[in-house]
1. Would you point out the residue of region B:126-139, among those that are out of contact with any helix residue (DSSP H, G or I) (no Cβ under 8 Å at 6 or more places or on another chain) and open to solvent by 20 Å² or more (accessible area, probe 1.4 Å), that is nearest to residue B:230 (Cα to Cα)?
2. Take the residues in region A:38-71 that are more than 23 Å from residue B:117 (Cβ to Cβ), outside any helix (DSSP H, G or I) and not β-branched (Val, Ile, Thr); name whichever of them is nearest to the other protein chains (Cβ to nearest Cβ).
3. What are the residues in region B:15-52 that are modelled with pLDDT under 85 and exposed (fewer than 15 other Cβ atoms within 10 Å of the Cβ), if any?
4. Inspect all residues belonging to region B:55-73 and state whether any of them is under 18 Å from residue A:24 (Cβ atoms) and either open to solvent by 90 Å² or more (accessible area, probe 1.4 Å) or more than 14 Å from chain A (Cβ to nearest Cβ) (or both).
5. For region A:47-85, give me each residue that is of a type in the set (S, T, N, Q) and open to solvent by 50 Å² or more (accessible area, probe 1.4 Å).
6. So, in region B:112-124, how many residues would count as being open to solvent by 20 Å² or more (accessible area, probe 1.4 Å) and either within 14 Å of chain A (Cβ to nearest Cβ) or at pLDDT below 85 (or both)?
7. Do you know which residues across region A:1-20 are more than 20 Å from residue A:76 (Cβ to Cβ) and polar (S, T, N, Q)?
8. Among B:164, B:113, which is the only one that is more than 12 Å from the chain's Cα centre (by Cα), in contact (Cβ under 8 Å) with a residue 12 or more places away in the chain, under 30 Å from residue B:39 (Cβ atoms) and not in a loop (DSSP other than H, G, I, E, B)?
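The values are calculated or read from the model by the stated rules, or taken from the named source; none is laboratory data. Predicted model only: the values in this text are computed from it and were never measured. Heads up, the Cβs are rebuilt from the backbone with ideal geometry, glycines too, and the neighbour counts pull from every protein chain shown. For accessibility, only protein heavy atoms count, side chains too; no ligands or nucleic acids. Shrake-Rupley method; radii C 1.70, N 1.55, O 1.52, S 1.80 Å.
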Amino acid sequence: MKSIKILLIILFIYFLAVLQTTFFVHFGDFFNFILILVIIWNLIEESKKISGILIAGIGGFFLDIFSNGLIGFNILLLIAISIFIKLVFVKYVRLPILGKI
Amino acid sequence: MKFSQKTFKTLIVILVIVVVIFILNIFSKNVRNFFYSVSAPIQKPLWKIGNSVSDFLGVIPWIKNSKQEFEELKNENQELLVKIAELEGFKDDIESLKNALQIGLEKDFKLVMAEIISKDISDDYILIDKGSNSGVLENMPVITEQKVILGKISKVFKNYSKVMLISNKESSFDVNLFNINDEKKDISGIVKGRENFNIFLDLVPRDKDIKQGDVIFTSKLGGIFPENLLVGEITEIKKNDIESLQEAEIKPAIDIKEVNNLFIITQY
């Protein structure tokens, strides 16, 4: 069951990256949906859980595949962002409106 | 120095990530080609749907301004009719010259047709569906069927290639200016990319008389592109008293979002 959930998440992120580079690109490059997903996920997830970091790694990988730079740049960038959110934001800033998943 | 089990695990994970990234970069061409092959059947229709939807949404603000635009177009139409009448006189000459020189896209260049699959999210690069299997090499120019320059091949995979658009920040090439009312001007400059499909003309001496509406073509100087490919039209000139060079904003001759098919010049 857990593996199906992981597979679905990977597929979702993949389609998000494909949509970003084919469909949404016609409306401007203002939004990076994978970055938004990573930020939201890490904000609402418990600081001890690591799925937010995994999602950042997978999202970064697909962003790297569909961009022109070295593979790894977006992976490391998104992982760093999610660790930063977990360590600083979630640990020291309490947002009562955000629940736990 | 003793490591706790948690620190040891973290170090192992970091090491694994670094090794995986390193391996992925060694085989990046194969990895990318695999993902592009898997994604292409989804990407092609999505690109076309995005194109249609953005065209449709673009019509809404246009309807609001349509009355004013209609008047402007009416005036422009009358001016063009006068121009056509003038040009009609040159038609026969041009036809005979064309036959003599055998001008035509296929006759000028050896071409490979390609379709756009996707656009890079951060830079002005596009992915097209032709690669080394079709004889595509790096630095080959990419144009539309109207002989408008789009960019050059920057990376080649087996079945796909990345095209660096002329609007990419790293793109710069030599151009010549032409005015429809004057004879060919002896003015050249450099067109540089400004991202998001924007380009500008740079390094034109201040004393050179450039005007709004001047048409820009590629020059063979620099050897990046063949000459006389259409680039765009000057919309705004920027010069000041201090600088010895002037700049100008350019409206590209074609919007990449409207392009589906393009041509790679394999030989010129």
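1. The first filter runs over region B:126-139 and keeps only residues out of contact with any helix residue (DSSP H, G or I) (no Cβ under 8 Å at 6 or more places or on another chain), leaving B:128, B:130, B:132-139.
After this cut, where a residue has to be open to solvent by 20 Å² or more (accessible area, probe 1.4 Å) as well, the list is B:130, B:132-135, B:137-139.
On the way: B:130: 23, B:132: 27, B:133: 28, B:134: 25, B:135: 25, B:137: 22, B:138: 21, B:139: 18 Å.
Applying the filter and picking the extreme gives B:139.
2. Step one: of region A:38-71, the residues more than 23 Å from residue B:117 (Cβ to Cβ) are A:38-57.
If we keep only those that are outside any helix (DSSP H, G or I) too, we end up with A:45-50.
If we keep only those that are not β-branched (Val, Ile, Thr) too, we end up with A:45-49.
On the way: A:45: 18, A:46: 17, A:47: 15, A:48: 12, A:49: 15 Å.
Filtering region A:38-71 for residues that are more than 23 Å from residue B:117 (Cβ to Cβ), outside any helix (DSSP H, G or I) and not β-branched (Val, Ile, Thr), the one nearest to the other protein chains (Cβ to nearest Cβ) comes out as A:48.
3. Residue satisfying the conditions is B:52 alone.
4. There is at least one residue in region B:55-73 that is under 18 Å from residue A:24 (Cβ atoms) and either open to solvent by 90 Å² or more (accessible area, probe 1.4 Å) or more than 14 Å from chain A (Cβ to nearest Cβ) (or both).
5. Step one: list which residues in region A:47-85 are of a type in the set (S, T, N, Q), which gives A:47, A:51, A:67-68, A:74, A:82.
Answer for region A:47-85, where residues must be of a type in the set (S, T, N, Q) and open to solvent by 50 Å² or more (accessible area, probe 1.4 Å): just A:47.
6. To start, the set of residues in region B:112-124 that are open to solvent by 20 Å² or more (accessible area, probe 1.4 Å) comprises B:112-113, B:115, B:121-123.
Pick out the ones that are also either within 14 Å of chain A (Cβ to nearest Cβ) or at pLDDT below 85 (or both) and you get B:115, B:121-123.
Residues in region B:112-124 being open to solvent by 20 Å² or more (accessible area, probe 1.4 Å) and either within 14 Å of chain A (Cβ to nearest Cβ) or at pLDDT below 85 (or both): 4 in total.
7. Scanning region A:1-20 gives a single hit, A:3.
8. Values: B:164 fails: more than 12 Å from the chain's Cα centre (by Cα).
On inspection, the qualifying residue turns out to be B:113.
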